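The values are calculated or read from the model by the stated rules, or taken from the named source; none is laboratory data. Keep in mind that what you see is a predicted model, and the values were worked out from it rather than measured. Please note: Cβ atoms are built from the backbone with ideal geometry, for glycine as well, and neighbour counts cover all protein chains shown.
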Amino acid sequence: MGLYFWPQVSKNMLSEQTINIYLTIEGTMNLSAVIRSFKKEKVVNVVLLANWLSCSIATARRRLKTWGAYTSYNRNGRYYTLPESAEFDNNGLWQYQGVMFSKHGNLKQTLVHLVTHSMQGSSSTELGELLGLQPRSFLSPFATIRRFIGKSWRGGGYGAYA
């Protein structure tokens, strides 16, 4: 395996701001090997995937989109899984080694879906238990979005309803 470096600037222009070096590693994984590795790992971050694909982060994200990959709703959305790897429960949620996924989209979309599809609304405690998160970490942005979710005092705590 050899490493090759190609600076994109002339030797006269060398500085920390202008050097852009590309690294190529011979013997990179082919696409089917990448998909096999992804399925085996179940959950990967975009940096690892870009390394496997020998491409940029942006290209790896485009590839994830074409594969229909799910993005985690916790851990700052840094993790991805393939649709065939996820084992969603009745609420459309799946957890793998502490990384949480929803087939309804990001955390906001998931929260709106859970509340709008519950018969009597959901308390913040119930939502927190379902999502595997502390309610204070995800409910504050919804305080001003009354058209999606309202608040009411219910059984000693605030509840959300659509």
Legend entry - Matching residues in the stretch 30-48 - criterion: being more than 18 Å from residue 98 (Cβ to Cβ) and among the charged types (D, E, K, R): 36, 39, 40
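Specify which of the listed residues (64, 82, 53, 49) is out of contact with any Lys or Arg (no Cβ under 9 Å at 6 or more places or on another chain) and either in contact (Cβ under 8 Å) with a residue 40 or more places away in the chain or surrounded by 15 or more Cβ atoms within 10 Å (Cβ to Cβ) (or both).
Testing whether each residue is out of contact with any Lys or Arg (no Cβ under 9 Å at 6 or more places or on another chain) and either in contact (Cβ under 8 Å) with a residue 40 or more places away in the chain or surrounded by 15 or more Cβ atoms within 10 Å (Cβ to Cβ) (or both) leaves just 64.
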Legend entry - Residues within the stretch 49-83 that are of a type outside the set (A, V, I, L, M, F, W, C) and closer than 19 Å to residue 100 by Cα, tallied: 16
Legend entry - Flag for residue 59 being outside the structural domain of residue 33 (by TED's automatic domain parsing), hydroxyl-bearing (Ser, Thr, Tyr), more than 14 Å from the chain's Cα centre (by Cα) and surrounded by fewer than 17 Cβ atoms within 10 Å (Cβ to Cβ): no
Legend entry - Sole residue being modelled with pLDDT of 90 or more, at positive phi and touching a strand residue (DSSP E or B) at 6+ places or on another chain (Cβ under 6 Å), chosen from 77, 121, 105: 77
